[in-house]
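One structure below.
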Amino acid sequence: MRDMAWTMLLLPALIGYLLGSIPFGLILTRIFGAGDLRSIGSGSIGATNVLRTGRKELAAATLLFDVGKGAAGVLVAQAFHPDLAVLGGFGAIIGHCYPVWLRFRGGKGVATALGIILALSWPIALSLVGVWAVALATSRISSVSSLAAVVAAVPAALLLGQPTLVPLMAAMALLIVWKHRGNIARLRAGTEPRVGKRG
């Protein structure tokens with residue numbers, strides 16, 4: 001019985017990880033001849049770096065797929081048990097940031113986190129999209145808007161009556177800030193590129 005209980009916990013997290021680890025940005029840019037995404041811009045496999053190839057349609061598709069895989073991780077886990085949704089979501093963002101197929105060198109997790117939050121609580125997701133949009137319009141720097149949104153996740157969960165989601169929000173925020181440490185260094189040096197700038 002104890003082994004079965006562990007399986008019930010680990011299987012949704014593992015499925016979430018495998019879903020999250022699909023590198024859609026890398027796949028799409030290779031299929032459509034935009035080069036190796038890891039040698040472009042920041043080297044990240046996310047939609048912002050795909051945008052730096054000049055292929056807006058591929059960036060949009062990457063964004064949608066990365067959001068989708070985060071939501072899928074939550075929904076698949078919910079099919080096992082509603083209380084396991086958080087595990088599926090956390091597995092998905094770990095998979096995106098540290099995919100086994102790419103030697104654990106993945107993306108920064110922002111779009112995948114949005115999908116996770118959207119599946120768990122659309123009001124929180126909507127509020128964070130608002131924070132992201134205002135920060136982007138003000139700064140024109142993708143990393144600033146992303147960091148602003150993830151930092152707002154915990155207070156948004158509290159203000160919108162979802163305190164049980166605070167541990168997941170905090171864990172995702174810490175992970176995403178860690179993945180943005182290079183961006184933070186460039187922001188401090190004044191060398192962080194603005195949205196739409198190639199290379």
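The values are calculated or read from the model by the stated rules, or taken from the named source; none is laboratory data. Given the structure is predicted, the values throughout are model-derived calculations rather than measurements. Note that each Cβ is placed from the backbone with ideal geometry, even for glycine, and that neighbours are counted across all protein chains shown. When the accessible area is computed, the model is the full protein with side chains, heavy atoms only, and any ligands, DNA or RNA have been set aside. Shrake-Rupley method; radii C 1.70, N 1.55, O 1.52, S 1.80 Å.
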Checklist entry - If you plug each phi of region 67-84 into the Karplus form 6.51 cos²θ - 1.76 cosθ + 1.60 with θ = phi - 60°, what whole-Hz ³J(HN,Hα) values come out, in order, with x for Gly and Pro? => result 4, x, 6, x, 5, 4, x, 5, 5, 5, 5, 4, 5, 6, 6, x, 6, 9
Next on the checklist: What do you get for the angle between helix 110-120 and the principal long axis of the chain? Use alpha-carbon atoms, 0 to 90 degrees, nearest ten.
Outcome noted: 30 degrees
Checklist outcome for this item: Ranked output for segments 154-167, 95-108, 21-34 by mean other Cβ atoms within 10 Å, highest leading, reads 95-108, 21-34, 154-167
Next on the checklist: Quick check for me: using +1 on Lys/Arg Cβ and -1 on Asp/Glu Cβ, what's the dipole size of the chain about its Cα centre, in debye to the nearest 20?
Outcome noted: 900 debye
Checklist entry - Dividing the convex hull volume of the Cα atoms of region 104-194 by its residue count, what figure in Å³ per residue is obtained? => result 92 Å³
Checklist outcome for this item: Residue by residue through region 147-152, the couplings from Karplus 6.51 cos²θ - 1.76 cosθ + 1.60 with θ = phi - 60°, in Hz, x for Gly and Pro, are 5, 4, 5, 5, 5, 7
Checklist outcome for this item: Of the candidates 183, 50, 193, the farthest towards the positive dipole end of the chain (Lys/Arg Cβ +1, Asp/Glu Cβ -1, centred on the Cα centre) is 193
Checklist entry - For the pair residue 158 and residue 14, what calculated FRET efficiency results from E = 1/(1 + (r/R0)^6), where r is the Cβ-Cβ distance and R0 = 30 Å, to the nearest 0.05? => result 0.50
Checklist entry - Percent of accessible area on region 66-198 owned by carbon and sulfur, 1.4 Å probe? => result 69 percent
Item to check | Within the chain, helix-based [θ] at 222 nm, where runs of 4 or more DSSP H residues each add -39,500 (n - 2.57), nearest 500 | outcome: -22000 deg cm²/dmol
Checklist outcome for this item: In order over region 159-172: 3J(HN,Hα) from phi, Karplus 6.51/-1.76/1.60, θ = phi - 60°, whole Hz, x for each Gly or Pro, gives 5, 9, x, 10, x, 5, 8, 4, x, 5, 4, 5, 5, 5
Checklist outcome for this item: If amide H atoms are modeled at 1.01 Å from N in the peptide plane, then the residues at a separation of 5 or more from residue 41, or on another chain, having amide H under 5 Å from its own are 199
Checklist entry - Regarding the chain, what whole-number volume in Å³ per residue does the convex hull of its Cα atoms give? => result 115 Å³
Item to check | Heavy-atom accessible area per residue - the chain, 1.4 Å, Å² | outcome: 51 Å²
Checklist entry - Under a plain spin-label model, where a point goes 7 Å from the Cα along Cα-to-Cβ, how far apart in nm are residue 185 and residue 139? => result 1.8 nm
Checklist entry - Distance in nm between label sites at residue 126 and residue 174, each 7 Å beyond Cα in the beta-carbon direction? => result 3.1 nm
